[in-house]
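Only one structure is covered here, and it is reproduced in the block below.
Rule-based calculations on the coordinates, nothing more; no lab input. Everything quoted here is computed from the prediction, not taken from an experiment. Cβ placement follows ideal geometry from the backbone for every residue including glycine, while neighbour counts extend to all protein chains displayed.
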Amino acid sequence: MSLDELKIGGMGASRRRVEDNRFIRGKGNYVDDIVLPGMLHMEILRSPVAHARIKSIDTSAAWDMPGVRLVLTGEMMAARNLAWMPTLSYDTQAVLATDKVRFQGQEVAAVIADDPYIAKDACAKIVVDYEILPVIVNPVQAAAPDAVLIRDDKEGQKDNKVFDWEIGDKAKTDKAFEEADVISKLELHYPRTHPSPIECCGSLADFDRATNKLTVYMTSQAPHIVRAAVALVAELPEQNIRIVSPDIGGGFGNKVPVYPGYVISILASILTERPVKWIEDKTGNLISTGFGRDVYLKGEMAMRKDGKILAFRMNTISDHGAFFADAQPSKFKIGLMHSTFAAYDIPNAHLFATGYYTNKAPGGVAYRCSFRVTEAMFFQERMVQAAADDCGIDQAEFRRINFVKDDQFPHRTAFGFLTDSGQYGKCLDIGLEAIGYKNFAAEKAEAAKRGRLLGIGISTMTEPLGAGNSREYDILGIKMFDSAELRVHMTGKAILRTGAKTQGQGHETTWAQIVAHELGIPADDIIVEEGDTDTAPFGMGTYASRSTPVAGAAVAMVARKIRAKARKIAAHLLEVSEEDIEWELGRFYVRSNHDRGVTIQECAMAAYSNMPDGMEPGLENNAYYDPPNLTWPFACYIAKVEIDPETGVWDVLQFVAVDDCGVRINPMIVEGQIMGGLTEAYAMANMQYQTYDEDGNCIGSNYMDFLLPTAWETPGYELYEVVTPCPHHPIGAKGVGECATVAGPAAFVNAVVNAVSHTGVRNIDMPLMPNRVYEALTTGKDVYGMPPVRSGN
Ligand code: CDP
């Protein structure tokens, strides 16, 4: 009797998340839950100003406070060659400021004390004499000829430019523009936002002088990269460094970089020979850790009269803050921005990117996206809507004309990506049907009678998820692959470890489902462990939705290695040759006699008690997986909105999401990922951004200014699916974690702009707060946002 895969929690089962057993009981184990004997507490003093020379720091009053064990300044870090550290983009970043502070919230000093309250009070006693310097809060100011030099610490740095980078064929693209019937233009700002995980960053460093071993419990999405960085920067032997990421309360890219707080707590533990805990507060997290976006995008599209796109050209100017700390593969200065328009068949393209330093927090992280893919897809879908309007073609039809067709795969984009599968037309059709696209004109006319404006916004895209392959993708020179290690015990139960690190995605649930699918061992019999560098195999961590495409593939591959060995054992037990053995889920049987078989559990027992002569005992293995290509999930999101023209307030009447992430391991978890991603998209489109005043004060340093949508304002979503298996992934899966955050914002913005387009407005920059929508409606002009004030500078 073959097993029912759904019953054993295999692929396709909406298995309940096993990790929730501890989370809903309040039994999660986060960094702040860990208490070690003799532990001290650390607090960071941050700069209140955005740009200033440090004339002096007086720490004497802090040292005098009872319970204070150590006060660290940049000078003391410098004495140990630790005042600066490398960033993930080959720049340097101050750990504790020595010469200048370059953004509000920068780390200036740290106090280590018996409890966190003493440490905080002592920080308030530190006196810093600042000589205030001019402040730069946007790239226009940064590029001005008389602009103050922010990075005067860097030899040879004469201006505030970080990089120039280009890709594509400029000459061919320009020629296509000369031959075009219609040219469409668009300019917009994707504002700075913050991933804002519920749990802030933190670390607990424990250096043991007797064993020379350093253990750091920390909130890292990529613990193995941290171990490598600590080994290289602090020059500690790698085998003596253990990084443990316990439960993490959300990461969204924010917990990929190495932050000064981690480094300071490590040095503090080495100096005090006591465990030192640092837990960041919410404001510290919002004003100093990796932000997302902050890119100015400008582009043009060339079309024939019939709507066929001939070419596009694009210019991006990105604001990187005080240190270039983007978490991204080293080859690509502006991440995977050049994945833009990958769903469309466009022969010619050119992209020119420039980056600037400003007096703002560093760390443009891949906030729930693969390295700037969100900005790329947002611009793409806003541009497509504008171009359709300029051609006088229906926005859905315009997409259909230009999509890469089902029989065109594999398809090479103008920038060199290879998309390998897709059914974009089908995906769009499902969305249009669900939203009632055909009836929209009538609905809009009816709403107009009630004095309301209706708009419909479509966003369709395919995006690259799952870096590597290792030929092209690396972080700090370390190739991007991933790994899994599987040990099947004697009784057929198993433990699986991977190089990924879940932060809420449910790996403990879904990885076990892949093993169940490959081996027929019930998912409940498999424990999944991640995040401890002493036990997990080397991996590049979890971000950019790379876990399923890379670590998930490694899980399938290691399970297949186990199955291959179990097959030999089965042949031995059944006394036939291996060639005469067949496999069905959970069981080997003799080809000529289905009733003669052995289960995988019987093979496991035999691996320890009755293996064939000469066979190595045990049933365990590991696999390192280097994917041949990225995976290319795709989606169609459609929003229908209604605006009250008297206030500019808009409501979502209906939202339809059609996603293809290949074969779904756990449909319930996939749906959760899509709903969460859409809610983050809604937040960015509607209410959320971080801006700065002219003095560099961060507006968005708390949850009164930086808004998180609650269940009250979040719209409902209708979810649909298309399944196009990934042709190269062992189980046909593609990533899904970020699709909705990536393509969601354009659906909302396109809908609102569609509703006001009769006034001639082509763009309103996010967030589409009612005052901006009202301004667009009443002036008929585009509303452009840029700090310190949103228009006119
Ligand atoms: O890298 P990250 O875990 O953030 O993203 P992902 O690989 O897209 O996976 C997010 C969650 O969705 C994981 O628990 C996956 O196993 C699950 N998933 C799935 O069940 N089926 C897919 N085809 C893709 C992801």
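Values for this structure:
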| quantity | calculated |
| --- | --- |
| Computed over segment 660-787, Kirkwood Rh from alpha-carbon pairs, angstrom | 16.8 Å |
| Gyration tensor (Cα) of segment 204-255, equivalent ellipsoid semi-axes in angstrom | 21, 12, 7 |
| Cα-derived Rg over Rh, computed across segment 485-624 with Rh taken as Kirkwood radius | 1.01 |
| Viscosity 1.567 mPa s, temperature 4 °C, Stokes-Einstein D of segment 609-679 from Kirkwood C-alpha radius, µm²/s | 74 µm²/s |
| Equivalent ellipsoid, segment 722-775 (semi-axes from 5 times Cα gyration tensor eigenvalues, Å) | 36, 12, 7 |
| Approximate spin-label separation N212-E579, in nm, with each point projected 7 Å along Cα-to-Cβ | 5.6 nm |
| Translational D in µm²/s for segment 58-200 (Stokes-Einstein at 10 °C, 1.306 mPa s, Kirkwood Rh from C-alpha pairs) | 80 µm²/s |
| Rg to Rh quotient for segment 469-550, alpha carbon positions, Kirkwood Rh | 1.00 |
| D (Stokes-Einstein, µm²/s), Kirkwood Cα radius, segment 41-117, 0.692 mPa s at 37 °C | 249 µm²/s |
| Using distinct alpha-carbon pairs, which all enter the 1/r mean, Kirkwood radius of segment 1-42 in Å | 13.9 Å |
| Fewest-first ranking of W583, W650, W84, using other Cβ atoms within 10 Å as the exposure measure | W583, W84, W650 |
| Simple Cβ-charge dipole of segment 469-510, Lys/Arg +1 and Asp/Glu -1, about Cα centre, in debye nearest 20 | 160 debye |
| Cut-off under 5 Å, modelled amide H: who pairs with R192 long-range | D294, Q690 |
| Neighbour-count order for W712, W165, W63, fewest beta carbons within 10 angstrom listed first | W712, W63, W165 |
| Pairwise FRET efficiency - I34 versus K7, Cβ, R0 = 35 Å, nearest 0.05 | 0.40 |
| Values of log10 I(q)/I(0), in the order q = 0.20 Å⁻¹, for segment 244-347 under a Debye, Cα-only, solvent-free model | -1.16 |
| Fully extended contour minus Cα-Cα distance, from N21 to Y608, at 0.36 nm per residue | 208.1 nm |
| Cross-link pairs beyond the 30 Å C-alpha cut-off, checked among K213/K565; K154/K331; K333/K426; K100/K161; K100/K333 | K213/K565; K333/K426 |
| Under the span-like rule (Cα at least 20 Å along the axis, Kyte-Doolittle mean at least 0.5), DSSP H helices of the chain | 553-574, 739-756 |
| Difference of contour (0.36 nm per residue) and Cα-Cα distance, E235 to V127 | 35.6 nm |
| In order through segment 308-317: 3J(HN,Hα) via Karplus (6.51 cos²θ - 1.76 cosθ + 1.60), integer Hz, x for Gly, Pro | 5, 7, 9, 6, 9, 10, 9, 10, 10, 10 |
| Scattering profile of segment 133-271 at q = 0.15, 0.17, 0.18, 0.20 Å⁻¹ [log10 I(q)/I(0), Debye over alpha-carbon scatterers] | -0.96, -1.03, -1.06, -1.13 |
| Under-5 Å amide H pairs with L653, H placed in peptide plane, nonlocal only | K640, V641, E642 |
| Relative contact order [Cα under 8 Å, 6+ residues apart], segment 646-717, whole percent | 37 percent |
| Extension reserve of the M668-D146 stretch, reckoned as 0.36 nm per residue once the Cα distance is removed | 182.4 nm |
| Tail fraction, Cα-Cα pairs, segment 332-385, threshold 14 Å, whole percent | 59 percent |
| 5 Å binning of all Cα-Cα separations within segment 357-428, expressed as whole percents from 0 upward | 3, 13, 15, 19, 21, 13, 6, 5, 4, 0 |
| Charge dipole (debye, nearest 20) of segment 233-380; +1 at Cβ of Lys and Arg, -1 at Cβ of Asp and Glu | 420 debye |
| In nm, spacing of pseudo-spin labels at I699 and D169 (7 Å Cα→C-beta vector) | 4.6 nm |
| Reach of K125 by Cα under 15 Å, taken over aspartates and glutamates that are not fewer than 8 positions away in the same chain | E43, D58, D64 |
| Interchain or long-range residues, amide H under 5 Å from R596's placed H | V590 |
| Furthest towards positive pole of dipole, A556, I527, P537, structure part segment 522-568, Cβ charges | A556 |
| Histogram of C-alpha separations across segment 303-407, 5 Å bin width, % | 2, 11, 20, 21, 15, 12, 9, 7, 3, 0 |
| Residue among Y259, N285, G299 farthest towards the positive dipole end of segment 240-313, charges placed on Cβ | G299 |
| All-pairs alpha carbon distance profile, segment 1-142, 10 Å steps from 0, percent | 10, 26, 24, 15, 12, 8, 4, 1 |
| Most positive-pole-ward Cα, Q104, P410, T215, against dipole of the chain from beta carbon charges | P410 |
| Ascending count of other beta-carbon atoms within 10 Å, so fewest first, for D146, D159, D319 | D146, D159, D319 |
| Helix-only [θ]222 nm of the chain, DSSP H runs n ≥ 4, -39500 (n - 2.57) each, per residue, nearest 500 | -8000 deg cm²/dmol |
| Enclosed volume per residue, in Å³, of the convex hull spanned by Cα atoms of the chain | 174 Å³ |
| Residues of segment 727-764 with amide N under 12 Å of the 7 Å Cα→Cβ point at I478 | none |
| Dimensions (Å) - segment 423-470, Cα atoms, principal axes, largest first | 58, 20, 10 |
| Unit charges on C-beta of K, R, D, E only; dipole of segment 501-562, Debye | 340 debye |
